[in-house]
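Undergrad: One structure, pasted below without further comment.
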Amino acid sequence: MELEDMAQIHTVSLLRSTSNGIFLVELRQYFPSQIETISPFIDRLMDFIAKFRRKDGSETDIEIALSEAVENAVVHGNGEDHRKHVYVTCRCSSDGEVSIAVQDEGRGFDTGTLHDPTASENRLRTFGRGIYLMKALMDEVCFEKGGALVYMRKKPNAVSAAERKAG
């Protein structure tokens, strides 16, 4: 099977928020837990996000956080077991907000046992920076289902003064 065919699209939906008239586009995908599927998947998801969000320099932040979450799901959550899948839901709102949920089929982990990678005793470790990066780069990060599900959110792009005058 080609790598391009490995990501399965569940649904692409256009939703309307009833409270403020903002439209949401939601993409749901899953793929097998294999390292070689991560990069093509991230590229396709970032292309999807770029279609609904004005560039503001935070695209790299979103991509790094997404990559860390997906890699953690494949490697740590599912143990690179190709029979297990990673499920990703991405919502982009018409005002530029992006929310991403990444879930694996693993047992999760105790988020309270994470080491601070900035502490002097941990600086030379070659692991343990992914969650730190996700929290540093996204506006919100939270874990559910014992750590097997991570939600991340990047707030809407700032509207420039020129755009406010034109609108």
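Undergrad: If I ask for residues that are out of contact with any helix residue (DSSP H, G or I) (no Cβ under 8 Å at 6 or more places or on another chain) and open to solvent by 60 Å² or more (accessible area, probe 1.4 Å), which ones from the range 68-83 would you list?
TA: Scanning the range 68-83 gives 76, 82, 83.
Undergrad: What residue, of 124, 45, is part of a loop (DSSP other than H, G, I, E, B), at pLDDT below 95 and of a type in the set (A, V, I, L, M, F, W, C)?
TA: None of the others qualify; the one that does is 124.
Undergrad: Between a first residue in the range 83-96 that is without any contact (Cβ under 8 Å) to a residue 40 or more places away in the chain and a second residue that is open to solvent by less than 10 Å² (accessible area, probe 1.4 Å), which pairs have beta carbons less than 6 Å apart while being 6 or more apart in sequence or on different chains?
TA: none
Undergrad: For the condition over 19 Å from residue 26 (Cβ atoms) and within 15 Å of the chain's Cα centre (by Cα), what is the one hit in 58, 99?
TA: 58
Undergrad: Which members of the range 27-47 meet the condition of being buried (at least 16 other Cβ atoms within 10 Å of the Cβ), under 14 Å from residue 98 (Cα atoms) and either without any contact (Cβ under 8 Å) to a residue 24 or more places away in the chain or out of contact with any helix residue (DSSP H, G or I) (no Cβ under 9 Å at 6 or more places or on another chain) (or both)?
TA: 28, 46
Undergrad: Please pick out the residue among 118, 60 that is farther than 21 Å from residue 153 by Cβ, modelled with pLDDT under 95 and open to solvent by 40 Å² or more (accessible area, probe 1.4 Å).
TA: Being farther than 21 Å from residue 153 by Cβ, modelled with pLDDT under 95 and open to solvent by 40 Å² or more (accessible area, probe 1.4 Å) holds for just one of 118, 60, which is 118.
The values are calculated or read from the model by the stated rules, or taken from the named source; none is laboratory data. Computed from a predicted model, the values in this text were never measured in an experiment. A quick note on method: Cβ atoms are made from the backbone with ideal geometry, for glycine too, and the neighbour counts reach across all protein chains shown. SASA here: full protein model, heavy atoms, side chains in, ligands and nucleic acids out. Shrake-Rupley method; radii C 1.70, N 1.55, O 1.52, S 1.80 Å.
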